[in-house]
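What follows draws every value from the coordinates through simple rules; no lab data is involved. Quick caveat: nothing in here was measured; it's all calculated off a predicted structure. Positions of Cβ are backbone-derived with ideal geometry, glycine not excepted, and every protein chain shown enters the neighbour counts.
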Amino acid sequence: MLEQIKLHNFKSHKNTQLNFDRSRLHALVGKNSSGKTSVLQALYYLSQLTNSEAKNIFHNERAPQFITTIGQDNMSVTASGFWGDNERQNWEASYNWQSEATRQGIPTVLWEPDETPKFWVQSGRLRKPIFTSLSNAPKFIRESLDSAVHLNLAVTNLTKAAYSDAIKPLIEFDGSGLAPTLDYLRGEAIEQFQLLQEMLKRIVPGVREIGVRRAKVTVDRQRLIEVDGKSISYVENQEIVGQEVVLNMNSGDRIPAHAISEGTMLALGLLTVLMSPDRPNLVLLDDVEQGLHPKAQRELIAVFKEIVQQNNNLQIIFSTHSPYIVDELTASQVHVLSNTKSGFTRSKRLDEHPDVEWAKQTLTTGEFWDAEGEDWVLAGEIDD
Ligand SMILES: Nc1ncnc2c1ncn2[C@@H]1O[C@H](COP(=O)(O)OP(=O)(O)OP(=O)(O)O)[C@@H](O)[C@H]1O
Ligand SMILES: [Mg+2]
């Protein structure tokens, strides 16, 4: 389980530290641009390092030059936590980057098998680059962080008919591959599928049954032809039979994916990720309430709580703008992010608010956040 994350010079985070309580369900709230998505990104990169080299992750728009706070020449992200309920093993994993100009020594990977196992990944823009990954870190570090999904579900991907030749299809972080994943669950993990269906029915009461039916899918196939002894590759569009989602409604209607409401599709996508057998231990969700009615938002969090309780290693961190969602949480589950005048992020947990004890008697958590907003996080701070 992840207990703490520290971000140093990561986008708007100059020095942010988030300490998670033991609930394994944590919300990030704050105004637009306060740095919520950035926290999820920082964690997602760390999880990617468990099976990928740093050079494969930190390039293009994720190059250190873009994710390091403007004007700074070094950046680091450090996560720590523990694994195991009875025999607790503490761990810490981090990546950091220093610009060539300030870099001292050669980047190294360190693994110190002492009481608190640590694992660092350093990478830099060097004359002789050495890039590393967390793939050699102890299993419990990798299990804590491995394949964390940073979900940015898009309705268009969820509704698209899809084809998969994988034995265990898995919905992707952008929502593609939903129908084959559901089809697999329906056939091979029947209990999970039934549970998923019950949960969707609670969030969207009009739904009676989730179905999957055959549908045409256009796929791009890479082809090679020989011309004058030279191989030339080209892409060919091919129409094959895949699958799409259909919902049977209480009204008797059978609604194909493209006609299903956006909120319903997003809720179905989220539940499919959380209920699939290959579900990762750490699930990162951005703007979790997308498209959901207040009642449905409350029900979604109730369902999240149940899923977390049923799965010992599962932890969900999500960003939200909704007081209805916050209402379903305790103050220690809510991390409030705020920007200083210079645009840097500061963060405090809602239970650090000086009036929290009074608020517990009189207000719901959502009302407390709504009333106090974010400015209190900066109280007594000197701007950078
Ligand atoms: N290299 C950088 N240096 C400093 N600040 C940066 C850098 N890159 C991005 N930012 C800033 O970091 C902030 C990132 O905000 P982020 O997307 O995490 O906000 P958010 O809380 O998710 O907002 P929203 O609610 O709108 O989704 C933005 O203000 C952006 O301008
Ligand atoms: Mg965001």
Förster radius 22 Å - calculated FRET efficiency between Ala154 and Gln194 (Cβ-Cβ, nearest 0.05): 0.25
Label-point gap, in nm, between His293 and Asp165 - each point 7 angstrom along Cα→Cβ: 4.4
Value of [θ]222 nm, deg cm²/dmol, for the chain, DSSP H segments ≥ 4, -39500 (n - 2.57) each, nearest 500: -8000 deg cm²/dmol
Inter-site label distance for Asn250 and Thr218 at 7 Å from Cα along Cβ, in nm: 3.9
Total formal charge among the other residues, if their Cβ is under 9 angstrom from that of Lys36, Lys/Arg +1 and Asp/Glu -1: -2
17 Å reach of a label modelled at Ala371, 7 Å along Cα-to-Cβ, counting backbone N of the range 319-354: 323-324, 326-332, 350-354
Selection of trypsin sites (Lys or Arg not before Pro), the range 297-383, meeting DSSP coil and at most 10 other Cβ within 10 Å: Lys341
Neighbourhood charge, 13 Å Cβ-Cβ cut-off, centred on Ile307 and excluding it, Lys, Arg +1 and Asp, Glu -1: +1
Dipole-positive endmost among Val273, Ala166, Gln192 within the range 151-279 (Cβ charges, Cα centre): Gln192
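Give, in nm to one decimal, the length gained when the segment between Glu61 and Ile382 is fully stretched (0.36 nm per residue of separation minus the Cα-Cα distance).
So the extension gain works out to 112.4 nm.
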Cβ-defined net charge surrounding Gln297, 11 Å radius [Lys, Arg +1; Asp, Glu -1]: -2
Inter-label distance, nm, simple model (7 Å from Cα along the C-beta direction), Ala302/Val356: 2.6
Net length gained if the chain between Asn312 and Asn15 were fully extended (0.36 nm per residue, minus Cα distance): 103.9 nm
GNM flexibility winner over the chain from Val227, Val303, Val235 (Cα, springs under 10 Å): Val227
Beta bridges by DSSP in the chain, antiparallel share as percent, to the nearest 5: 70
Cβ-placed point charges (K, R +1; D, E -1), dipole of the range 151-279 about Cα centre in debye, nearest 20: 320
Dipole axis of the chain (+1 Lys, Arg; -1 Asp, Glu on Cβ), positive-most option in Leu28, Trp369, Ile67: Ile67
Top positive-direction residue, dipole computed over the chain with Cβ charges, set Ala179, Ala54, Thr16: Ala54
Note, ³J(HN,Hα) from phi for the range 366-377, Karplus 6.51, -1.76, 1.60, rounded to Hz, x at Gly and Pro: x, 5, 4, 5, 4, 6, 8, x, 10, 4, 4, 4
Residue exposure sequence - His353, His59 - by fewest surrounding Cβ within 10 Å: His59, His353
Test item: Cα-centred dipole of the chain, Lys/Arg +1 and Asp/Glu -1 on Cβ, debye: 760
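Averaging over all projection directions, find the projected area of the Cα convex hull of the chain and quote it in nm² with one decimal place.
Computing the convex hull of the Cα atoms and averaging its projections yields 24.1 nm².
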